[in-house]
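J.: This is the structure, below, for whatever I ask next.
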Amino acid sequence: MSEPDFNLLAALDALLSEASVAGAARRLGLSASAMSRTLLRLRTVTGDPLLVRAGRQMVLTPHAEAIRERSQLALREVQALLRPALTELQPQTLQRTFTLRANDGFIEAFGAPLIAAVTAEAPGVRLSFAPKPEKTSRYLREGLVDLEVGVLGQMGQMGPEIRVQALFRDHFVAVVRAGHPLARLTEVSAEQYVAYGHVVVSRRGQSVGLVDEALEQMGLSRNVVAVVPSFPAALAVARASELVALVPASFLLHQHTGAAQGQPAALHTFALPVTTQSITVSLMWHPRNDNDLAHRWLRQLIRKTCQQLVPG
């Protein structure tokens, strides 16, 4: 081969990132057989097997491990070179899809306002929200997503190269169904708070957090009877039971109480009877996008929209 086929670069990046022919095929929208043929071509070009069978799985060869990061960087550089250069951004004519990785709580609270803000300025821009089942910088590093939203105190898992910008500060509140006995109180004491069962949110199944540490200093503890993976699930459980849920205040900005539709509120919110630290929700991106005018415009719009919804 006198001249390299640069179409193989995307396939190489997908295969080395996924370490799976099937996974790479899904990422590129190809059939498994087509990806297998492409792997054969890559083996011929590179002179290395790249992926080899290890039991029921495929693993990268030492050469593949050595070039994995270089292939990612090379592909991103080629994509940047072939993207039309913008010396002056005109959002109203911009045609582009941005992928934003965030948890269900952020999407439910901020998704609709963000979409409306983007559409008002750039009708040709599409927002694609991706799920966030775990905390990892892989999606930003590999260019699988453009932006990610997360809690600032947990950014140590993202790596030092990831850019971070604070969006807003948040705090947790307690939520019960509208007819709950605690909903009748003007102020809930710590003793009254722990007298009922609790539903907590944790993707890892953990039932202890900052609230429990504060209660422990008072000689009290919660009875956690359920652990769910998301804030919408916690509210659904609280709405149909006597359990007390714990959610960020920003998550209750819109439809979750029912009052936004002119209906009787289905949920009642009250302040926690203990003091806990506030949390900082931040926007993250890879430094390769620092000077991308369209990317910078979207970052500024997201920050502006969030701060309008969460004053202060």
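The numbers here are math on the coordinates, done by the rules we state, and not lab data. Please read all numbers here as calculations on a predicted model, not as lab measurements. Counting neighbours? That spans all protein chains shown, and the Cβs are built from the backbone with ideal geometry, glycine included.
J.: Between GLY111, GLY55, GLY47, where does the largest GNM mean-square fluctuation fall for the chain, given springs only between Cα atoms within less than 10 Å?
T.: Looking only at GLY111, GLY55, GLY47, the biggest GNM fluctuation is shown by GLY55.
J.: Also, quick follow-up: From the C-alpha gyration tensor of region 172-277, pull out the three semi-axes of the equivalent ellipsoid (sqrt of 5λ each), sorted largest to smallest, in whole Å.
T.: In descending order the semi-axes read 21, 16, 12 Å.
J.: Can you give me the orientation-averaged projected area of the convex hull built on the Cα atoms of the chain, in nm²? Could you put the intermediate results ahead of the total?
T.: Working: hull surface 83.4 nm².
Mean projected area for the chain: 20.8 nm², to one decimal.
J.: Right, next: Based on DSSP H runs of at least 4 residues, each adding -39500 (n - 2.57), what is the mean residue ellipticity at 222 nm of the chain after dividing by all its residues, to the nearest 500 deg cm²/dmol?
T.: -11500 deg cm²/dmol
J.: Now a separate question. What is the distance, in nm, between label points placed 7 Å from the Cα along the Cα-to-Cβ direction at LEU220 and at ARG56?
T.: 4.8 nm
J.: What FRET efficiency comes out for GLU121 versus GLU161 if R0 is 30 angstrom and r is the Cβ-Cβ distance? Round to the nearest 0.05.
T.: 0.55
J.: Given a Förster distance of 25 angstrom, what is the FRET efficiency for ARG303 paired with GLU88, based on the Cβ-Cβ distance and rounded to 0.05? It would help to have the intermediate numbers written out before the result.
T.: Numbers: r = 21 Å, r/R0 = 0.85.
After rounding to 0.05, the efficiency reads 0.70.
J.: Moving on to the next point. What's the longest piece of the chain with no exposed trypsin sites (Lys or Arg not before Pro), counting a site as exposed if DSSP puts it in a loop and it has at most 10 other beta carbons within 10 Å?
T.: The longest such stretch corresponds to 57-203.
J.: In addition: For THR136 and ARG70 in the same chain, what is the full-extension length gain: residue separation times 0.36 nm, less their Cα-Cα distance, in nm?
T.: Values: separation 66, 0.36 × 66 = 23.76 nm, distance 1.96 nm.
Residue separation times 0.36 nm, minus the Cα-Cα distance, leaves 21.8 nm.
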